[in-house]
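Colleague: Quick one: the structure is below, and I'll ask about it shortly.
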Amino acid sequence: MTEVSLSCFQSFQCIAGACPDTCCAGWEVDLDDDAVRRYRSIPGPLGDEIRSAICQEDGYTFFRLKNGQCPYLNKEKLCRLILELGENVLSVTCREHPRFWEEYGMRRETCLSISCPEAARLLLEEPLVLLQQETDEPAPEDSTPDPEFLAQLLDVRQAL
């Protein structure tokens with residue numbers, strides 16, 4: 001597998017309460033199966049609170065928003081789940097945002113979404129170096145790209 005990323009991807013860190021915005025409002029916080037299992041096993045009042053906030057609808061599992069934001073976002077714009085239970089308790093959505101990956105067969109591109117102010121700052125202010133490395137990881141079974149599309153994509157990027 002060829003992994004391609006910009007140098008700023010490695011240095012990204014959420015600035016949490018110092019952020020001028022929050023990624024914890026305005027959209028549903030999707031919960032993966034592993035996170036749901038962890039949340040269902042948390043004892044005591046916090047566990048009860050977490051379980052009562054979990055919703056399932058149309059095959060999706062997510063936290064029910066409270067006033068348009070994640071119910072675990074406190075007044076200082078910090079995550080109560082992290083503060084009380086540690087980062088390992090987070091769902092994949094919360095742990096990875098604003099990072100995302102695009103896969104084209106044996107090529108994986110790592111990216112940062114400019115919807116995050118800190119990611120946007122890094123992308124606009126830091127010197128950007130394109131990094132590429134080979135790994136032993138096999139390509140995912142469902143990521144066979146259209147060879148013509150991939151060739152056009154790479155040509156356009158090279159021109160840019």
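The values are calculated or read from the model by the stated rules, or taken from the named source; none is laboratory data. Values in this document were obtained by computation on a predicted structure and should not be read as measured data. So basically every Cβ, Gly included, is an ideal-geometry build from the backbone, and we count neighbours across all protein chains shown. Heavy atoms of the whole protein, side chains included, go into the accessibility calculation; ligands, DNA and RNA do not. Shrake-Rupley method; radii C 1.70, N 1.55, O 1.52, S 1.80 Å.
Colleague: Report the one residue of CYS116, ILE42, THR144 whose Cα lies farthest in the direction of the positive end of the charge dipole of the chain (charges on C-beta: Lys and Arg +1, Asp and Glu -1; origin at the Cα centre).
Modeller: ILE42
Colleague: Ok, one more. Starting from 0.36 nm per residue, how many nanometres of slack lie between SER11 and GLU103 once their C-alpha separation is accounted for?
Modeller: That works out to 31.0 nm of additional length.
Colleague: Go through 125-133, 43-51, 75-83 and give me the packing order, highest mean Cβ count within 10 Å leading.
Modeller: 75-83, 43-51, 125-133
Colleague: Dipole of region 34-124, Cα-centred, from +1 at each Lys and Arg C-beta and -1 at each Asp and Glu C-beta, to the nearest 20 debye?
Modeller: 160 debye
Colleague: Report, in debye and to the nearest 20, how large the dipole of the chain comes out about its Cα centre when Lys and Arg carry +1 and Asp and Glu carry -1 on their Cβ.
Modeller: 880 debye
Colleague: Say R0 is 30 Å: what FRET efficiency, to the nearest 0.05, do ARG157 and ARG40 get from their beta-carbon distance?
Modeller: Between ARG157 and ARG40 the formula returns 0.10.
Colleague: Could I ask something else about it? Quick check: residue separation of LEU83 and ASP136 times 0.36 nm, minus the Cα distance between them. What number comes out in nm?
Modeller: 15.5 nm
Colleague: Expressed as a whole number of Å, what is the distance separating the alpha-carbon centroids of region 114-154 and region 20-56?
Modeller: That distance is 29 Å.
Colleague: Right, here's the next one. For GLU141, GLU134, write out the residues from largest to smallest accessible area, computed with a 1.4 angstrom probe and no ligands counted.
Modeller: Correct descending sequence by accessible area is GLU141, GLU134.
Colleague: Tell me, for the chain, which Cys residues have no other cysteine's C-beta sitting closer than 4.7 Å.
Modeller: Lone cysteines by the Cβ rule: CYS8, CYS14, CYS19, CYS23, CYS55, CYS79, CYS94, CYS111, CYS116.
Colleague: Out of the total accessible area of region 1-106 (probe 1.4 Å, heavy atoms of protein only), what percent is carbon and sulfur?
Modeller: Result for region 1-106: 50 percent of the exposed heavy-atom area is carbon or sulfur.
Colleague: Give me the 1.4 Å probe accessible area per residue for region 33-160, excluding ligands and nucleic acids, in Å².
Modeller: 69 Å²
Colleague: Keeping every protein chain in place, order PHE63, PHE9, PHE100 by accessible area at 1.4 Å, biggest value first, i.e. largest first.
Modeller: Solvent-accessible surface, decreasing: PHE100, PHE9, PHE63.
Colleague: Continuing with the same structure: Per the helix-only calculation at 222 nm, which mean residue ellipticity applies to the chain, given -39500 (n - 2.57) for every DSSP H run of n ≥ 4 and division by its residues, nearest 500 deg cm²/dmol?
Modeller: The helix-only estimate for the chain comes to -9500 deg cm²/dmol at 222 nm.
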